[in-house]
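*Asks:* Please find one structure pasted underneath; my questions will follow.
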Amino acid sequence: MNTKKIWLSSPHMGGNEEKYINEAFELNWIAPVGGNLNQFEEALVKYTACGHALALNSGTAALHLGLILLDVQPGDYVICQSMTFCASANPVKYLGGIPVFVDSETDTWNMCPEALERAIQACMDGSIAEKFPEIKGQIQIFAKKPKAIVPVHLYGMPAKMKEIMDIAKKYDIPVLEDAAEAVGSEYHGQKCGTFGEIGVFSFNGNKIITTSGGGALLSQNKSHIDRAKFLATQAKENTLHYEHKEIGFNYRLSNVLAGIGRGQMEVLPERIQQRRKIHNFYWEALGGIEGITFLKEPEGHFSNRWLTCVLVDPEKTGGVGWNDIIQHLAEDQIEARPLWKPMHVQESFAGAPYYGGDIAEKLFDQGLCLPSGSNMTGEDLERVVMRLKDCLEVKEGLRKAV
Ligand SMILES: *Cc1c(COP(=O)(O)O)cnc(C)c1O
C-alpha cells in the first residue's frame, strides 16, 4: 500500500529557513548565541508587540522559567487549567508547587472564570485542604494566595482573558499565559501571550510554526527577560572565570534552530490563513452533520485554528464516537487524535485539587482533533472528509441544512 500519510499537523517550511541555517554555518555561530537568535527574538517582539522575548529550547522550559520568575516555591499553589497538555502543569511540580486545577467553560474550552475564582478563594481561606486532604502531607500552611494563574489558549482559541485578567487583578495574582498553541491568535485585537505578566510560546514540531523544538518567553518587563536569560545559560555570572551564585539551567535555543524560527516567522501570517481556511473547509463539509459540533469564535476571539477540533456525540451519530473515527481514519493512513485528557484525572496528578464541574471531562469524552496541517492539499482534505462521512454513514441526501 502506498497511500500518502496525512498527519495531524506536520512541519511546513516557508523557504528561507535553510538560508538562515547556512548563515549560522558560514559564520560558525552554531552555539546557543548568534545573529539568528537576535533576529528571531526581534521578529517575535515586532509581531506580538510583547516588549521583550527570549528564545528557549522548549515551551516547557519557558513555562519552568516563567514560574521561577514569579517566585513559585515548594508548597506554593499555582492555578492551572485542567484541560491542557501536561507541559502546562508539570513545571509546577518541578518546583515542588501544588497545581490547583480548574475546569473549562464551553465557549472556548479554556479556563472557566467562575471556577477560577472559587479555586483562588479556597486557597486563600484554606478550605482547599479540607476538600483535598492529600495536600496536607505537602504543606503546613493551607491558607495562602496562589503564586500564579496559568491559563491556556487551547488549539489556538483565546481564553476569556478579560474575565481572567479581572480576577487576577482583583486578587493581585500574576498571570503566566500558556500561549504554546496560540501563536498569532488574538483577543480583541491583542496577541495571545501578551496579556499576562509573562507569556509562553512553543515551536515544537507539531505547532503552527516550528524550530523543530523550541519555545519563547515573552514579557513587557525587561528585567524578567534578562533574569530568564541568565537562568537559561547556567546562571553564569558576568566574570571571566565560571562563577555561579545560583543554580541555573541549559535552556537557550540554538542559533541554528533559531534560523528555522526566523524563516518561519516570515510565513506565520500565511500559516494562520491556511489553518483557518482548513477549519472553514471542515465546517462547510461537516458542520451540518447531526452530532458533530464545531467550536465557534466568540465575539472578539480570533483563533489561529492550530487544530480544527469537533465534538462527536455518539447519542446523535448512531453510536459513532471519536474512537471509531480515529480508527477508521487510521486505516487510510490519516492521523486524528482525541482532545487533551484533563490533568485532574491523570495518574501523574492523583490527589491534586480540582475546582469546577465535568465540562473538561465531557470535552475529552467527545472531542476529536482533525488533521489540520497548513501543508495539506485540497485532495488531502477531501480524503479526510470522505472517510469521516463514510464512518458516520452520512449519505448526502440525509444531511441537515447548515
Ligand atoms: C506544546 C505545548 C507545551 C509545551 O511546549 P514544548 O515546546 O513541547 O515543550 C505547553 N503547553 C501547551 C498547551 C502545549 O500545547
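*Asks:* Across segment 310-331, which residue is farthest from the chain's Cα centre (by Cα) among those that are part of a loop (DSSP other than H, G, I, E, B) and surrounded by fewer than 17 Cβ atoms within 10 Å (Cβ to Cβ)?
*Replies:* The selected residue is Gly318.
*Asks:* Just to be sure I understand the filter: pairs with C-beta atoms under 7 Å, separated by 6 or more residues or on different chains, first member in segment 145-167 and outside the structural domain of Ser88 (by TED's automatic domain parsing) and closer than 19 Å to Leu69 by Cα, second member surrounded by fewer than 24 Cβ atoms within 10 Å (Cβ to Cβ) and among the aromatic types (Phe, Trp, Tyr). Which pairs pass?
*Replies:* none
*Asks:* Would you confirm whether any residue within segment 72-82 is in contact with a Leu (Cβ under 6 Å, 6 or more places away or on another chain) and either over 30 Å from Ile141 (Cα atoms) or of a type outside the set (Asp, Glu) (or both)?
*Replies:* Yes - at least one qualifying residue is present in segment 72-82.
*Asks:* Filter segment 320-343 for residues that are in contact (Cβ under 8 Å) with a residue 60 or more places away in the chain, among the charged types (D, E, K, R) and away from the ligand (no atom under 16 Å from the Cβ) and give the result.
*Replies:* If the condition is that a residue be in contact (Cβ under 8 Å) with a residue 60 or more places away in the chain, among the charged types (D, E, K, R) and away from the ligand (no atom under 16 Å from the Cβ), then Asp324, Asp332, Glu335 are the ones that fit.
*Asks:* Taking the condition of being in contact with a Lys or Arg (Cβ under 6 Å, 6 or more places away or on another chain) and away from the ligand (no atom under 16 Å from the Cβ), how many residues in segment 38-48 meet it?
*Replies:* 2
*Asks:* Identify, by number, the condition in (1) more than 30 Å from Met165 (Cβ to Cβ); (2) in contact with an Asp or Glu (Cβ under 8 Å, 6 or more places away or on another chain) that Leu37 doesn't meet.
*Replies:* Answer for Leu37: the failing condition is (2).
*Asks:* Then there is this: Here are some residues: Arg262, Arg227, Arg271, Arg276. Which one is outside any strand (DSSP E or B) and within 30 Å of Glu393 (Cβ to Cβ)?
*Replies:* Arg276
*Asks:* Same structure, new question: Got at least one residue in segment 202-219 being in the same structural domain as Met165 (by TED's automatic domain parsing), away from the ligand (no atom under 16 Å from the Cβ) and not in a strand (DSSP E or B)?
*Replies:* No; the residues of segment 202-219 include none that is in the same structural domain as Met165 (by TED's automatic domain parsing), away from the ligand (no atom under 16 Å from the Cβ) and not in a strand (DSSP E or B).
*Asks:* Take segment 62-72 and flag every residue that is under 17 Å from the mean Cα position of the chain (by Cα) and either more than 14 Å from the ligand (Cβ to nearest atom) or more than 15 Å from Ala232 (Cβ to Cβ) (or both).
*Replies:* Result: no residue meets the conditions.
*Asks:* Name the single residue that is farthest from the chain's Cα centre (by Cα) among those in segment 87-143 being among the aromatic types (Phe, Trp, Tyr) and buried (at least 21 other Cβ atoms within 10 Å of the Cβ).
*Replies:* Phe101
*Asks:* Something else about it: Restricting to segment 310-333, give me the number of residues that are out of contact with any Lys or Arg (no Cβ under 9 Å at 6 or more places or on another chain) and within 21 Å of Asn375 (Cα to Cα).
*Replies:* Number satisfying all stated conditions: 2.
*Asks:* Look through segment 261-284, keep the residues that are over 21 Å from Met157 (Cα atoms) and more than 20 Å from the chain's Cα centre (by Cα), and return whichever of them is surrounded by the fewest Cβ atoms within 10 Å (Cβ to Cβ).
*Replies:* For segment 261-284, the residue satisfying everything is Glu266.
*Asks:* Continuing with this model, one more query. When you go through Gly51, Gly59, Gly35 one by one, which is the residue that is assigned by TED's automatic domain parsing to the domain that holds Phe230, within 16 Å of the ligand (Cβ to nearest atom) and among the small types (Gly, Ala, Ser)?
*Replies:* Among Gly51, Gly59, Gly35, only Gly59 is assigned by TED's automatic domain parsing to the domain that holds Phe230, within 16 Å of the ligand (Cβ to nearest atom) and among the small types (Gly, Ala, Ser).
The values are calculated or read from the model by the stated rules, or taken from the named source; none is laboratory data. Quick caveat: nothing in here was measured; it's all calculated off a predicted structure. Glycine also receives a Cβ, built like all others from the backbone with ideal geometry; neighbour counts cover every protein chain displayed.
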